[in-house]
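Asks: Sharing a structure here in structure tokens format.
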Amino acid sequence: MQDGLPVVREAFPRTVRLVSTANRRPSILKLLVEDEDIADLSDIEGATSARLIAQDRGTEGISARELIFGIPHASFINAAFAYSKPRELNRFNGPGRGAWYAALDAETCLQEVVFHMTDFLGRAGKYEAVVEYMELFASMAGAFVDLRQAPDHSSLNPDPSVGYPKGNALADAVRAAGHNGIIYPSIRHTGGTCFAALWPHAVQSVAQGDIYRIVWSGDRAPSVAKVIATP
């Protein structure tokens, strides 16, 4: 038990995370300079990249020794923990330290992404956008606090002003106990199961999957289509 919550030890061969395809594009620097100058400008890019800074010397929220090196897609794992909203909370992480959010299926991921992007566009005052997201598959195993058995926990409150501070407090306690993360029922997709991996080493065997395009054309409800499918 963790603060009265159940802790389970389970293995999940395939979880799904969606990341923006912007992460797959070549550096914009390559469009601006000749090949012989790219190393110099890459140094400039490295000085402002949260992931590269974290990998080199760590940050206030995460040590470089926690990050992953020498395996396929390590940069995706490290970026998930190096980047966070500078002045806002997410459900199980705050400024300074990210987390690897994933689900058991792509539909749950899509529902979560659509909800948050629609909310962002609503605050901007215009439902007009085209975004593409790529699946990242990963396996996970180990000890997790299991909120599927505590669906009324305050961290799962759909109101971020209530749920997010409680979730961050829980995540701090889970990390302090050395558990890999938190399993919880999706707030945005009924019946879906989500994960917040709180340590980079908890994310294993990452592989790329399909790409989805999400289009808002003036309405809150977007269209979603698979534009590139893995063989």
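The values are calculated or read from the model by the stated rules, or taken from the named source; none is laboratory data. Predicted model only: the values in this text are computed from it and were never measured. No Cβ is skipped: glycine too gets one built from the backbone with ideal geometry, and neighbour counts run over all protein chains shown.
Asks: Taking the stated definitions as given, is E107 within 14 Å of the chain's Cα centre (by Cα), in a helix (DSSP H, G or I) and of a type in the set (D, E, K, R)?
Replies: No.
Asks: Can you name the residue in the range 206-231 that is under 16 Å from the mean Cα position of the chain (by Cα) and surrounded by fewer than 17 Cβ atoms within 10 Å (Cβ to Cβ) and is also nearest to K126 (Cα to Cα) among such residues?
Replies: Among them, the one singled out is Q208.
Asks: Let me ask another. Kindly indicate whether any position in the range 179-189 is more than 19 Å from T108 (Cα to Cα) and surrounded by fewer than 17 Cβ atoms within 10 Å (Cβ to Cβ).
Replies: no
Asks: Now for a different question. Kindly list the number of the only condition in (1) surrounded by 15 or more Cβ atoms within 10 Å (Cβ to Cβ); (2) more than 22 Å from A22 (Cβ to Cβ); (3) among the small types (G, A, S); (4) modelled with pLDDT of 80 or more that fails for A74.
Replies: It fails just one condition, (2).
Asks: Can you confirm whether the range 164-175 contains a residue that is in a loop (DSSP other than H, G, I, E, B), in contact with a strand residue (DSSP E or B) (Cβ under 6 Å, 6 or more places away or on another chain), at pLDDT 95 or above and not charged (D, E, K, R)?
Replies: no
Asks: Something else: Take the range 113-130 and flag every residue that is surrounded by 15 or more Cβ atoms within 10 Å (Cβ to Cβ) and not aliphatic (A, V, I, L, M).
Replies: Hits for the range 113-130 are F115, T118, Y127.
Asks: Would it be correct to say that S155 is surrounded by 15 or more Cβ atoms within 10 Å (Cβ to Cβ), within 21 Å of G94 (Cα to Cα), polar (S, T, N, Q) and more than 15 Å from the chain's Cα centre (by Cα)?
Replies: In short, yes.
Asks: Let me confirm something: among H179, H201, which residue is touching a residue at least 24 places away in the same chain (Cβ under 8 Å) and part of a loop (DSSP other than H, G, I, E, B)?
Replies: Among H179, H201, only H179 is touching a residue at least 24 places away in the same chain (Cβ under 8 Å) and part of a loop (DSSP other than H, G, I, E, B).
Asks: For the structure I just gave you, tell me whether N23 is modelled with pLDDT of 75 or more and within 22 Å of F195 (Cβ to Cβ).
Replies: no
Asks: Ok, one more. Answer yes or no: is there a residue in the range 123-135 that is of a type in the set (F, W, Y), assigned to a helix (DSSP H, G or I) and either under 27 Å from Q204 (Cβ atoms) or modelled with pLDDT under 95 (or both).
Replies: Scanning the range 123-135, I find no residue that is of a type in the set (F, W, Y), assigned to a helix (DSSP H, G or I) and either under 27 Å from Q204 (Cβ atoms) or modelled with pLDDT under 95 (or both), so the answer is no.
Asks: Looking at the range 1-16 only, could you name the residues that are in contact with a strand residue (DSSP E or B) (Cβ under 9 Å, 6 or more places away or on another chain), at pLDDT below 95 and not in a strand (DSSP E or B)?
Replies: Matches in the range 1-16: M1, D3.
Asks: Shifting gears a bit: Given (1) polar (S, T, N, Q); (2) farther than 30 Å from A229 by Cα; (3) at pLDDT below 95; (4) within 11 Å of the chain's Cα centre (by Cα), identify the lone condition not met by S63.
Replies: Among (1) polar (S, T, N, Q); (2) farther than 30 Å from A229 by Cα; (3) at pLDDT below 95; (4) within 11 Å of the chain's Cα centre (by Cα), the lone unmet condition for S63 is (4).
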